[in-house]
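> Below: one structure in structure tokens.
The values are calculated or read from the model by the stated rules, or taken from the named source; none is laboratory data. Quick caveat, the model's predicted, so the values are computed rather than measured. We place every Cβ from the backbone using ideal geometry, glycine too, and count neighbours over all the protein chains shown. What goes into the accessible areas is simple: the full protein's heavy atoms, side chains included, and nothing from ligands, DNA or RNA. Shrake-Rupley method; radii C 1.70, N 1.55, O 1.52, S 1.80 Å.
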Amino acid sequence: MSDATLAVTFAGPHVSVQDGGRPGLMRYGVPCSGPMDRLAFAAANLALGNAAHAPAIEISMGGLMLECQSGVVSYAVAGGGFIVDHAGTKRSSWSVATLRAGEKLAIRPGHWGSWCYLALAGTLAVPEWLGSASTHALSGFGGGRLVSGQRMQIADAGGRERREGDIPCPLQARPRGELRVTMGPQQRFFHPDTITAFLSGPWTMTSAWDRMGVRLRGPAIAPQAELDMPSEPIVRGSVQVAGDGVATVLLADHQTTGGYPKIATVLDCDLDAFVQLRPGDPVLFRAVTPAGAIGIARTAAIGASAYLEAIVKGRG
Amino acid sequence: MCAVARGRVFPVFSAIAEHSLLVEFGETIAPEIHDRVLRLDKALSEVPFEGLIETVPAYAAILIHFDPLVADHVAAEAAARQLLDRGTARTARPRLHEVPVCYDDDLAPDLALVAEAARLSPEEVIAAHLAGHYEVFLYGFAPGYAYLAGVPEVLRMPRKPAAVRGIPAGSVLIAGQQCLVSTITMPTGWWVIGRSAARILTDDSARPFLFDVGDEVRFRRVTRAEYEREAGR
């Protein structure tokens, strides 16, 4: 075990360090942040033998290129159908391999998916903010965005050759366009016909996206009442509608309060797969009851734990 | 106690996704409504139900966030109903913070516009701002954005029609009855009337945010030299 040094030869926009996030601070204006696709992130870390929430690198469709300058470090790539080019040999994401001094690693978007995770065998030496290395996009606090030209140190880096090979890509990691929602909490601002239009669609993802949220294109669903509500808490998954009728789904780095009405809220357990959609992909909202939402979330949690446990056992 | 507005009987409980419950006590920014929010916030922190993750108090509503594997909306609502209007919202003595502000022209790009709209001189605007008694109503929007209620009537301005980009951290902003000191560079549609070197994000892990909700704030005028010294600290 020794240190490894990676040089960032290219980093696209929205490539940043994330970990399990910083929950419990919404009352101070701080969203949880953390990975956009939490399941793929945990899979990458666990496949390598790391803690599920260890700091790792979130890669957007902008892509990332690294060069190992010294040391040996195994890595895992999970999330989306990205293309991994390791010293000239191409593989798909969802695999573990080992990078050695002098070798180059390029990760770029492939056939599907918007977010991909690179976990490293060792400890990423990155700054923390409020106990977490997750990068908060608006402020840049936390581990930080990756920029071309920077170097990254991995402490206690090592080869974990025994873990090399494919990571299973489960069905629930595929992009999901059918989103389960609970209606409201501000559906009173919308005419019943507008609610029907919201649930009928069709909606599509637009290219106006970042870690704070994604704008959708679809039917006109402008609020009818005067927008005079005091700012209220927002959650990851809130479907906020501005005065002009544009719908935005709030995501990992969402603002914590806002004065625009929320017509519905996407179930949290649907968000990891939702963010893997790409601009132009269709989206449909399906209303469920609160009790239904609880049942769906519990079933999803059982599926996710079983998948992650299998990764740990298979390589333990 | 229940209040009614537009046919809604408060408190209103709304389920949000699989993990939260929103409890609304009204639809306006008013001390008696905010007081009920803070009382429930305090009661839930003292008597948390199983599965409670966090609560987020706002002006007229509080978000109760729970673990859906442990609790559900029914349990959260039952716990909240039991605690409604219990105890007091206030700590016996809220802390008073003195926040230094420099009102020099280049740090206060909207001071002249606010003066014009209020039919006052810039010095009178500064005096009015300094005379206000402010209370931390909530944190919202972005890290450390503490919304202070208490801007004197004469300085209450609607927001600008469009946000201005790149307003630096430490800007003292006003809109309506609210004032805030920004913590990161952001676009804003509020009016920039000064700059403060106060560290609201404290870098102290034991107490990372300067204010608690309910604390009182007064502004104190400082010279450019004092501001520079504080800011460069």
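> Evaluate peptide A:264-273: per residue, the Cβ atoms of other protein chains within 10 Å of its Cβ; return the mean as an integer.
The shielding value for this peptide is 3.
> Can you pull out the buried accessible area for chains A and B, both sides counted, probe 1.4 Å, rounded to the nearest 100 Å²?
Roughly 3400 Å² of accessible surface disappears when A and B pair.
> May I pose another question? When the accessible area of each residue in the range A:154-203 is compared between its chain alone and the complete protein assembly (1.4 Å probe; ligands, DNA and RNA ignored), which residues differ by at least 40 Å², being lower in the assembly?
Going by heavy-atom accessible area, the residues of the range A:154-203 that drop by at least 40 Å² are A:P185, A:R188.
> Then there's this: Kindly state, as a whole number, the per residue volume in cubic angstrom of the convex hull around the alpha carbon atoms of chain A.
120
> Using Cα-Cα distances under 8 Å and only pairs 6 or more residues apart, what relative contact order does the range B:111-228 have, in percent?
It comes to 26 percent, rounded to a whole number.
> Comparing B:I126, B:I53, B:I184, which has the greatest mean-square fluctuation in the GNM of chain B with Cα pairs linked when under 10 Å apart?
Looking only at B:I126, B:I53, B:I184, the biggest GNM fluctuation is shown by B:I53.
> Across the protein assembly as shown, what fraction of all alpha-carbon pairs, as a whole percent, falls in each successive 20 Å bin from zero upward?
Calculated over all Cα pairs of the protein assembly as shown, the distribution is 21, 51, 27, 2 percent.
> Springs between alpha-carbon pairs under 10 angstrom, Gaussian network model over chain B: which of B:A71, B:A17, B:A146 fluctuates most?
B:A17
> Something else about it: With no solvent and one equal point scatterer per Cα, compute the Debye intensity ratio I(q)/I(0) for the range A:160-227 at 0.14, 0.23, 0.25 Å⁻¹ and report its log10, rounded to two decimals.
Scattering profile of the range A:160-227, log10 relative to I(0): -0.63, -1.19, -1.25.
> Considering amide H positions built from the backbone, and no H for Pro or chain starts, which residues 5 or more places from A:G79, or on another chain, come under 5 Å of its amide H?
Placed amide hydrogens put A:W94, A:Y117 under 5 Å from A:G79.
> Could I ask something else about it? For peptide B:56-64, compute the average count of partner chain beta-carbon atoms within 10 Å of each residue's beta-carbon.
Average per residue, whole number: 6.
> Taking chain B as a Gaussian network, where each spring joins two C-alpha atoms under 10 Å apart, which residue of B:A169, B:A206, B:A43 fluctuates the most?
B:A206
> Something else: Using the Karplus curve 6.51 cos²θ - 1.76 cosθ + 1.60 with θ = phi - 60°, what ³J(HN,Hα) values do you get for each residue of the range A:95-102, in whole Hz, with x for Gly and Pro?
7, 10, 8, 10, 9, 10, 3, x
> Can you pull the percent of the protein assembly as shown's accessible area that's carbon plus sulfur, 1.4 Å probe, other chains left in place?
Its accessible area is 54 percent carbon and sulfur atoms.
> Using only the Cα atoms of chain B, what semi-axes does the equivalent ellipsoid have when each is the square root of 5 times a gyration tensor eigenvalue? Give whole Å, largest first.
36, 20, 16
> Near the amide H of A:A264, under 5 Å away, which other amide H atoms are found, from residues 5 or more places off or on another chain, if H is placed in the peptide plane?
For A:A264, whose amide H was placed from the backbone, the distant partners under 5 Å are A:G184, A:V239.
> Helix hunt in chain A: which complete DSSP H runs extend at least 30 Å axially by C-alpha with mean Kyte-Doolittle at least 0.5?
The qualifying helices are A:290-315.
> On to the next question. Between A:Q153 and A:E103, what is the spin-label point distance in nm, taking each point 7 Å from the Cα along the Cα→C-beta axis?
2.4
> Another question about this same structure. Per the Kirkwood formula on distinct C-alpha pairs, the Rh of the range B:86-149 is how many angstrom?
Answer for the range B:86-149: a Kirkwood hydrodynamic radius of 14.4 Å.
> State, as an integer percentage, the relative contact order of the range A:196-241 based on alpha-carbon contacts under 8 Å between residues 6 or more apart.
31
> Here is a follow-up. Along the principal axes of its C-alpha atoms, what lengths does the range B:3-83 span, in descending order and rounded to whole Å?
35, 25, 19
> What share of Cα pairs, in percent, lie more than 26 angstrom apart in the range A:178-300?
Percent of Cα pairs beyond 26 Å in the range A:178-300: 12.
> May I pose another question? Give the relative contact order (percent, whole number) for chain B; include only Cα pairs under 8 Å separated by 6+ residues.
Once divided by the residue count of chain B, the mean separation gives 18 percent.
> Long-range amide H contacts for B:T183: which residues qualify at under 5 Å (H placed 1.01 Å from N, peptide plane, sequence gap of 5 or more or a different chain)?
So B:T183 has HN proximity to B:G170.
> Cα to Cα, under 26 Å, and not fewer than 8 places away if on the same chain: which lysines meet these conditions relative to A:K90?
Partners within reach: A:K104.
> Using only the Cα atoms of the range A:2-169, what are the Rg and Dmax in Å?
14.6, 48
> Can you compute the radius of gyration and Dmax for the range B:96-231, using only the Cα atoms, both in Å?
Answer for the range B:96-231, Rg first and Dmax second: 13.8, 45 Å.
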